[in-house]
Structures are given as C-alpha cells and as structure tokens.
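Note sheet for the following structure.
The values are calculated or read from the model by the stated rules, or taken from the named source; none is laboratory data. Just so you know, these numbers come straight off a predicted model, no measurement behind them. Every residue, glycine among them, receives a Cβ derived from its backbone with ideal geometry; neighbour counts consider all protein chains shown. Accessible surface areas use protein heavy atoms only, side chains included; no ligands, DNA or RNA. Shrake-Rupley method; radii C 1.70, N 1.55, O 1.52, S 1.80 Å.
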Amino acid sequence: MKLKGKSVVVTGASSGMGKAIVERFVQEGANVLAVARRKERLDALAESLQDAPGKVVAFAGDISQEESMVGAIDAAVKEFGRLDMLVNNAGVMDDMSPIGDVKNEKIEQVFGINVYGPMYAMRKAVQVFLAQGEGGNIINVASLGAMRTAAGAVYCASKAALVSLTKNTAYMYMPDGIRCNAIAPGGIATEISTSMGMPNMAGYNRVKNVLATAPAPGSAEQIASAALFLASEDSSYVNGDVLLVDGGWAAG
C-alpha cells in the first residue's frame, strides 16, 4: 500500500474526482478526512469504505470559508494525530462569461471555492507541516482552463491563480521538505457542469470552438490515479509541477 497510515484532507469529496480520490487513497491505506457540504453523501462514502485498509471521516463544511478549512485541518490532526497531505479538489465552474459580462456574484462564488478556500487550507496545512518538522504534501486540482480558453474569464483566472499559488508554495517551502503540485484535468465526466447554470451565450459561442477539439471525456478514476502518483513516494522528486491529464487536448 502506497499511502499506509498517511493522514490526508480531501476537499470536494462527496462526488466526482474528489470521491474517486478518497476511494483510491483509502484503498492504499490512507486515513482521509473527506470535506464537502453534503454530509449525507460523505457519510455514505465512509460507510461504503468501512472495510478498506484506511479510514474515512466525514467533515461537512463550506470550502470557501476560512473557518471551515481551518476546522478541517484541525479535525484531521485531532482524529489522526498528524497531517501528511492536503488535496484541494473542490471546484466550481463559471457561466462562460467574457470579462465584460462578468457579475460580481460570480467572481465571489468562483474565487471563493477555487482560490480562497485552497489558500486558507494551504496556509493552515503549511503551518502544521512546519510544526511537525517532517515535510508535507499538497496537491491542487487546477484545470486545462488555466492554460486554454476552455471556460469563461472567472473560471480560467481562478485556475491560473491556483497554478501560480502551487508553484510559489513549492518554491518557498522546498527547503522544508514540503512538496506542492497540481493536476490540470481536461474534460472529465463529473457533475461540475451542473454548477454552471445557463451559460452566457456570447462567451459560449467563442469557447465552443475550443471545446470542439476535446477528446472523449476522461474519468474521475483517471484523475485519482494521477493524484495517487503525486501523493506517493513515486513522485518524491516532483515539486512545483502541473500534471496535465487531458487526453492530449492541450497538445493540439
């Protein structure tokens, strides 16, 4: 087992990529604090994995709020005795709006979940890692949208910010043995599109030209495999990297 005894916090754990990551990590022996708003889904996930080598503990919280993210890190330390890893997976789409049409509410919503939540969690996690004195590991789920116009202005900007935060953190804490990498998924079959609502048609009509070049959607399990690589000692010399998992979409 590649993650035996590791203590991990995973956000956005109730569905899609987050759920797949929790399932894979627990089967590899990790103890996971699974974070999301829908506690009933988290409880069902924990029950489904009760016979796995690792353990799942449900933590209901709003990923965009500092109190929730600090509380999740504290809960993991209390439950498992330490923190080894943070996976910032939770994310939300925008409505494809170009910048001239963007509403303040959409900026607050998307940046709250895609940027501020990870920043709050990373700040607290790094403080715990430094206090423990044994390094640590952070994995951020960014997006192909950080590099290509595969969504609206707010989503693309939020994921680009997460990529920059990943690289900065990796460099700043390299001497302390803290690694920080990102996964940039392409089109993955998850529920994230349900967060988009009615698209801005001006933006969508521009973005659809990029979407038309996408390969068949990937699976949440394929993202979980990438996360396991970054979480394990197999990637011990990988730091500050952005791992594209997009079926070759960005290569075109």
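General remarks:
- First in the stretch 91-116 and within 18 Å of Gly12 (Cα to Cα), second anywhere and open to solvent by 20 Å² or more (accessible area, probe 1.4 Å) and acidic (Asp, Glu), Cβ under 9 Å, 6 or more apart: Gly112/Asp62; Ile113/Asp62; Tyr116/Glu66
- Scanning the stretch 74-93 for residues that are open to solvent by 40 Å² or more (accessible area, probe 1.4 Å) and either touching a Phe, Trp or Tyr at 6+ places or on another chain (Cβ under 6 Å) or closer than 17 Å to Val115 by Cα (or both) yields a total of 0.
- Taking every residue in the stretch 226-248 that is on the phi < 0 side of the Ramachandran plot and assigned to a loop (DSSP other than H, G, I, E, B) and pairing it with any residue that is among the acidic types (Asp, Glu) and modelled with pLDDT of 95 or more, at least 6 positions away or on another chain, the pairs with Cβ-Cβ distances below 8 Å are Ser232/Glu28.
- Qualifying position, being assigned to a helix (DSSP H, G or I), of a type in the set (Gly, Ala, Ser) and either surrounded by fewer than 20 Cβ atoms within 10 Å (Cβ to Cβ) or without any contact (Cβ under 8 Å) to a residue 12 or more places away in the chain (or both), among Gly18, Gly29, Gly71: Gly71
- Within this structure, Lys159 fails the test of being under 29 Å from Gly252 (Cα atoms), in contact (Cβ under 8 Å) with a residue 12 or more places away in the chain, open to solvent by 30 Å² or more (accessible area, probe 1.4 Å) and touching a Gly at 6+ places or on another chain (Cβ under 8 Å).
- Residue check for Glu40: charged (D, E, K, R), open to solvent by 60 Å² or more (accessible area, probe 1.4 Å) and in a helix (DSSP H, G or I): yes
- Any hit, the stretch 235-246, residues being charged (D, E, K, R) and surrounded by 14 or more Cβ atoms within 10 Å (Cβ to Cβ): yes
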